[in-house]
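The values are calculated or read from the model by the stated rules, or taken from the named source; none is laboratory data. This is a predicted model, so every value here is computed, not measured. Every residue, glycine as well, gets a Cβ built from its backbone with ideal geometry; the counts of neighbours run over all protein chains shown. Quick note on the areas: whole protein, heavy atoms, side chains included, nothing else; ligands and nucleic acids left out. Shrake-Rupley method; radii C 1.70, N 1.55, O 1.52, S 1.80 Å.
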Amino acid sequence: MYSDTNNTAFDSIINFKLNNAKQENIKLDIEYSRESLFIQVENAFDGMVKYDNNTADKRISTRKSGGEHGHGLKNIRKFVEKYNGHIDITYDENTFTVTVLLYVNE
């Protein structure tokens with residue numbers, strides 16, 4: 001168990017996703033402090049990033065095959081913008097990192 005917030009639905013989803021991330025060797029840090037939620041996900045990849053000229057700032061790892069790339073990041077970016085948060089996407093030759101900061105009002 002990774003999450004134990006006493007919210008069964010939230011804990012179930014987070015624990016399921018974190019378990020999957022661990023099995024795939026994906027580093028996923030989550031921290032809540034002073035009404036801010038910080039999430040950072042790091043994943044190894046082949047260093048190849050493709051930019052889609054038809055969509056602003058859509059970054060796509062070429063590690064996967066097929067045409068269904070970049071929708072996860074697109075959805076995350078929309079969610080973060082909707083709730084006035086911040087997203088930062090960085091990468092080097094080995095690691096793709098997404099960092100999200102959300103402000104949580106009680």
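What is the set of long-range amide H partners of Ser3 at a cut-off below 5 Å, with H atoms built 1.01 Å from backbone N?
Under 5 Å from the amide H of Ser3: Asn15.
Please give the length that would be gained between Asn84 and Asn25 if that part of the chain were fully extended, namely 0.36 nm times their separation in residues minus their C-alpha to C-alpha distance (nm, one decimal).
Details: separation 59, 0.36 × 59 = 21.24 nm, distance 3.00 nm.
Gain in length upon complete extension: 18.2 nm.
Once phi is turned into ³J(HN,Hα) by the Karplus curve 6.51 cos²θ - 1.76 cosθ + 1.60 with θ = phi - 60°, what whole-Hz value does each residue of the range 18-32 show in order, with x for glycine and proline?
Per-residue couplings from phi come out as 5, 5, 4, 4, 4, 5, 8, 6, 9, 8, 10, 9, 10, 9, 10 Hz.
So, in nm, how far is label Thr99 from label Asp4 when the simple model puts each one 7 Å beyond its Cα toward the Cβ?
In this crude label model, Thr99 to Asp4 measures out at 3.0 nm.
Could you order Val49, Val100 so the one with the most accessible surface comes first? Probe is 1.4 Å.
Working: Val49 35, Val100 10 Å².
Largest accessible area first, the list is Val49, Val100.
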